[in-house]
Amino acid sequence: MNTNVDDYFVVGCGRCSLGGTPECKVHTWVNELSLLRKWILECGLTETCKWGVPCYTHNGKNVMMISAFKEYCTLSFFKGALIPNPNGLLTKPGERTQAGRILKITDIEFLKILESEVKAFIQSAIQIEEEGREVPKTKEPEPYPEELLERMNDDPNFKNAFESLTPGRQRGYLIYFTQAKQAKTRFARIDKCTPMILKGVGLHDKYQSGKKKN
């Protein structure tokens, strides 16, 4: 993996076999990435290389980074959710992303048009770090395994009993069920826990009674 920012513009991040070849994605976006780099450094951030890509820090804290992809390049903000974004230019890199936001760039002229907006984003990100602000995190609910959904669909009484459990007890069962790698094991765990669920008993209540789960 590349550890030098200048080398990044020559050989890429080094995380795939295309590094150092004409096919490296970085070569498609050199002009855009170089302009982003210039604007960022003008704001006084410290430049380093992390995860193979240019990363910019303030007082030792990660603030933003630039990266190349096949269809676009990005300016990524670690606490982008806190940056004012009236025109919706900053987007989530993933559906469940909470803190990070990215700006997708598809050509140099588009980037030049956005100069004032981009610089405002950079300044906001620096201010957020100086103020020590953090993005409030919300806990993602545990996923329901297909086997549990099937049981709930087949047995309304079981469904009502499970949904009547406290959130903590539901989460305990969901973690236990989804830890099993095979469907037959998940079914077996659900079968074994059904009497407890119907009684409104939690998985950790079982531990407290001195019994063990398999």
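Values quoted throughout were computed directly from the atomic coordinates according to the rules given, and no laboratory measurement underlies them. Everything numeric in this text was worked out from a predicted model, so none of it was measured. Virtual Cβ from ideal backbone geometry, glycine too; neighbours counted across all protein chains shown.
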>> If I go through segment 10-46 residue by residue, how many of them are farther than 19 Å from Leu103 by Cα and either acidic (Asp, Glu) or in contact with a Ser or Thr (Cβ under 7 Å, 6 or more places away or on another chain) (or both)?
In response: 2
> Which ones in segment 171-194 are among the polar types (S, T, N, Q) and in contact (Cβ under 8 Å) with a residue 24 or more places away in the chain?
Replying inline: Thr178, Thr194
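Yes/no per residue for (1) among the aliphatic types (A, V, I, L, M); (2) surrounded by 13 or more Cβ atoms within 10 Å (Cβ to Cβ); (3) touching a Pro at 6+ places or on another chain (Cβ under 8 Å):
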{"site": "Ile66", "(1), (2), (3)": "yes, yes, yes"}
{"site": "Phe77", "(1), (2), (3)": "no, yes, no"}
{"site": "Ile105", "(1), (2), (3)": "yes, yes, no"}
{"site": "Lys119", "(1), (2), (3)": "no, yes, no"}
{"site": "Ile122", "(1), (2), (3)": "yes, yes, no"}
{"site": "Pro145", "(1), (2), (3)": "no, yes, no"}
> Within segment 63-91, how many residues are within 19 Å of Arg133 (Cα to Cα) and under 15 Å from the mean Cα position of the chain (by Cα)?
Replying inline: 9
>> Could you check segment 98-139 and list, in sequence order, the residues that are touching a strand residue (DSSP E or B) at 6+ places or on another chain (Cβ under 6 Å) and in a helix (DSSP H, G or I)?
In response: Leu111, Ala125, Ile126, Glu129
>> Report every pair of residues separated by at least 6 positions or lying on different chains whose Cβ atoms are under 8 Å apart, first residue within segment 61-81 and closer than 20 Å to Lys25 by Cα, second basic (Lys, Arg) and surrounded by fewer than 22 Cβ atoms within 10 Å (Cβ to Cβ).
In response: Met65/Lys50; Ile66/Arg37; Ala68/Lys25; Phe69/Lys25; Lys70/Lys25; Tyr72/Lys104; Cys73/Lys104; Thr74/Lys104
> If a residue has to be surrounded by 12 or more Cβ atoms within 10 Å (Cβ to Cβ) and over 18 Å from Tyr56 (Cα atoms) to count, how many in segment 1-25 make the cut?
Replying inline: 11
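Among the residues of segment 101-122, is there at least one that is acidic (Asp, Glu) and within 28 Å of Arg186 (Cβ to Cβ)?
Taking segment 101-122 as the starting set, the residues that turn out to be acidic (Asp, Glu) are 107, 109, 115, 117.
Those left that are additionally within 28 Å of Arg186 (Cβ to Cβ): none.
Checked against the condition, which is being acidic (Asp, Glu) and within 28 Å of Arg186 (Cβ to Cβ), segment 101-122 yields no hits at all.
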> Would a scan of segment 33-42 turn up a residue that is in contact with a Cys (Cβ under 7 Å, 6 or more places away or on another chain) and assigned to a helix (DSSP H, G or I)?
Replying inline: yes
